[in-house]
1. Scan segment 43-64 and tell me whether some residue there is in contact with an Asp or Glu (Cβ under 9 Å, 6 or more places away or on another chain), without any contact (Cβ under 8 Å) to a residue 24 or more places away in the chain and among the charged types (D, E, K, R).
2. Looking at this structure, is Glu12 over 23 Å from Met1 (Cβ atoms), touching an Asp or Glu at 6+ places or on another chain (Cβ under 8 Å) and among the acidic types (Asp, Glu)?
3. Scan segment 5-26 and give yes if some residue there is within 25 Å of Arg76 (Cα to Cα) and aromatic (Phe, Trp, Tyr), otherwise no.
4. Confirm whether Glu79 is among the charged types (D, E, K, R), out of contact with any helix residue (DSSP H, G or I) (no Cβ under 9 Å at 6 or more places or on another chain) and free of Cβ contacts under 8 Å to residues at least 60 places away in the same chain.
5. Ala26: loosely packed, with under 15 Cβ neighbours inside 10 Å, part of a helix (DSSP H, G or I) and among the small types (Gly, Ala, Ser), yes or no?
6. Among the candidates Ala83, Ala17, Ala73, single out the residue that is part of a loop (DSSP other than H, G, I, E, B) and either modelled with pLDDT under 90 or exposed (fewer than 12 other Cβ atoms within 10 Å of the Cβ) (or both).
7. Quick check on segment 48-58: of everything there that is of a type outside the set (A, V, I, L, M, F, W, C) and surrounded by 15 or more Cβ atoms within 10 Å (Cβ to Cβ), which residue is nearest to Leu30 (Cα to Cα)?
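The values are calculated or read from the model by the stated rules, or taken from the named source; none is laboratory data. The shown structure was predicted, so the numbers you read here are calculated from the model rather than taken from an experiment. Here the Cβ positions follow ideal geometry from the backbone for every residue, glycine too, while neighbour counts run over all protein chains shown.
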Amino acid sequence: MATRQITIQVPEKVLLAEKVDEEEFAREILVLAAVKLYEIGRLSSGRAAELAGMSRVEFLLSLGKYKVFPFEAELRELEAAHA
């Protein structure tokens, strides 16, 4: 799988406040981005899981931690079909 590197600037104070190192913070940012992009329908659960660096099942199971319904896209499709 081809990947591209994206660099973001994070103030050191943010890392200190979070009490995490750069690697751990970067991992969390990827997971949060994947969850949000999935939640708003920009990524499928499979692509979001790929971005988060985990399996699709693991990603779907982790959504509860972020208070995101794991089948939101499927629910929207069903609601649209019955409208």
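1. Looking for residues that are in contact with an Asp or Glu (Cβ under 9 Å, 6 or more places away or on another chain), without any contact (Cβ under 8 Å) to a residue 24 or more places away in the chain and among the charged types (D, E, K, R), one finds at least one in segment 43-64, hence yes.
2. no
3. no
4. Working: among the charged types (D, E, K, R): yes; out of contact with any helix residue (DSSP H, G or I) (no Cβ under 9 Å at 6 or more places or on another chain): yes; free of Cβ contacts under 8 Å to residues at least 60 places away in the same chain: yes.
Against the criterion (among the charged types (D, E, K, R), out of contact with any helix residue (DSSP H, G or I) (no Cβ under 9 Å at 6 or more places or on another chain) and free of Cβ contacts under 8 Å to residues at least 60 places away in the same chain), Glu79 qualifies.
5. Working: loosely packed, with under 15 Cβ neighbours inside 10 Å: yes; part of a helix (DSSP H, G or I): yes; among the small types (Gly, Ala, Ser): yes.
When the stated conditions are applied, Ala26 passes them.
6. Ala83
7. Glu50
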